[in-house]
1. Yes or no: the range 323-330 includes at least one residue that is assigned to a helix (DSSP H, G or I) and either modelled with pLDDT of 90 or more or within 25 Å of LEU398 (Cβ to Cβ) (or both).
2. Return the only residue of GLY38, GLY48 being within 19 Å of the chain's Cα centre (by Cα), in a helix (DSSP H, G or I) and closer than 21 Å to GLY171 by Cα.
3. Does the range 151-159 contain any residue that is open to solvent by less than 20 Å² (accessible area, probe 1.4 Å) and at pLDDT 90 or above?
4. Enumerate the helices (runs of 4 or more DSSP H) found wholly within the range 344-420, keeping only those where 3 or more residues are open to solvent by less than 80 Å² (accessible area, probe 1.4 Å).
5. Select, from ARG27, ARG58, the only residue that is open to solvent by 40 Å² or more (accessible area, probe 1.4 Å), over 19 Å from MET165 (Cα atoms) and of a type in the set (Lys, Arg).
6. Do any residues in the range 111-126 that are farther than 19 Å from THR274 by Cβ and of a type in the set (Asp, Glu) have Cβ atoms under 9 Å from those of residues that are surrounded by fewer than 17 Cβ atoms within 10 Å (Cβ to Cβ) and modelled with pLDDT under 85, where the two are at least six apart or on different chains, and which pairs are they?
7. Does CYS244 fit the bill of being within 27 Å of ASP383 (Cα to Cα) and buried (at least 24 other Cβ atoms within 10 Å of the Cβ)?
8. Being open to solvent by 10 Å² or more (accessible area, probe 1.4 Å) and small (Gly, Ala, Ser) is the filter; apply it to the range 160-181 and report the residue that is nearest to the chain's Cα centre (by Cα).
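The values are calculated or read from the model by the stated rules, or taken from the named source; none is laboratory data. Because the structure is a prediction, the values reported are computed rather than measured. Cβ placement follows ideal geometry from the backbone for every residue including glycine, while neighbour counts extend to all protein chains displayed. To get the accessible areas, we keep the full protein, side chains included, count just its heavy atoms, and leave off ligands, DNA and RNA. Shrake-Rupley method; radii C 1.70, N 1.55, O 1.52, S 1.80 Å.
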Amino acid sequence: MWCAAYLCVALLAGYAVVGRLVARGSRIERFGLSACLGPGLLGLCMIGLSMLGLRPSRGEIILLAALFAIPALSKWRRGVREAKEVKAPLPTYLKIWTAICLAAIGYAVMVEGTQALVEPTTEWDAFMCWQLKAKVLVGGALYPKPAYFSNAELGYSHLRYPVLMPMISAGVHAMTGRIDDGLEKAPSLLLFIGVGAAVYAAVRRFSGHAAAITMTALMLNLPAFYRYGCSGTAEMALTAFYGCSVVCLLRWQQSAAWGDLILAALFSACAAWTKNEGMALAAINALAVFNLSRSWRRSLAREMVFISIIAILIAPWLLYIRTVPRIDEDYASRISLAIIAANSPRLPAILRTMGLEFIDWRQWGILWVAAPALAALRWRGFDRRAAGMLWALGLLQLMVYVLAYLANNWNIYDLLPVTMDRLLLHVSPVAAMLIGVMWGPAD
């Protein structure tokens, strides 16, 4: 019961902000964005209080719920303008296809729900890194700094990694009053459902219901989602935060509304707070914001707002870890031109492994081959600006991961097979939206 209440608080936190910033949109889209932003905002609030010396507790979470309820209920009473559209009845064949896709989506939710709410944490990365930090955070405040962050012997748990996802899990422990190796993964289920709803809404705006429901079912049923979605790692969080940031950039590309831009910045900041890779993805989004503006003056103003939001939110952690020891697990500190040049002989192996992963249909189905196929077959009939932005973001994200492999200090031949699937998982919402956009409107 307390775990369910915690998820409701997270959803309330998301709606308190999304409801204010999204001027027009469907209920499904607002729900998806709220379900993904809410855990991030709640986690950031608890981190801020923890840095002030307040350990996460049930009373603290209930107080935050009351604060979020004020703007959320106010907006709920006033309502949000729905995007006007003429809803034609679906033909019989599309009703049947929709039922099949909904059954597939329901199965995916059931699988992830079982993993999140019933099964204990068994994924090694989840146990040694993310959920270990969650137990540290629920046991004491970040101020004064726990001894954990000075213990180099615990370096395998990534001492300098951002703590947003561990704090979100720590909130479950605090709310339920016990450390539960099963329920600590529950927020990932909310993120899983939320990113599916957000991708559906984004594709539907460009290509209609058939493309949207198909791509949502395909994405949520990827084997990589089954493995990492609610396993207790941060993979689901980074996938959801970055995917929703791209959804908001697509909205902003169409509307030029400040609310959409601010939401994209908030999601980018949450991604930066999730993993080191998220900081690079936030930088990619900042580059996209600059390129999408039509005049340099507007570009500069919007870029400054976008970067300022991310910088203000991530700065406390960058200051906090100044005294945390740098060890071999601190991959970000190894990124330099000298190291990348020295490791350039790795590039053929990296590209070969990535290419083989793309065409592994047992792992990804048609996800990675459909985009170039549609680009060749349907070179007319889709929104070229949206498709161009998605192509650019997806390729830049893959380039970031190639650079990470070049800078890594592990044996690359051991690392590639066990990490490539989770990195491509982060890109999967962008790929799903790209295919959906290039699907084009129904003929």
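1. Taking every residue of the range 323-330 in turn, none turns out to be assigned to a helix (DSSP H, G or I) and either modelled with pLDDT of 90 or more or within 25 Å of LEU398 (Cβ to Cβ) (or both).
2. GLY38
3. No - not one qualifying residue is present in the range 151-159.
4. 347-358, 367-377, 384-407
5. Numbers: ARG58 fails: over 19 Å from MET165 (Cα atoms).
Only one candidate passes the filter, namely ARG27.
6. Partner pairs satisfying both residue conditions: GLU119/GLY182.
7. It is true that CYS244 is within 27 Å of ASP383 (Cα to Cα) and buried (at least 24 other Cβ atoms within 10 Å of the Cβ).
8. ALA174
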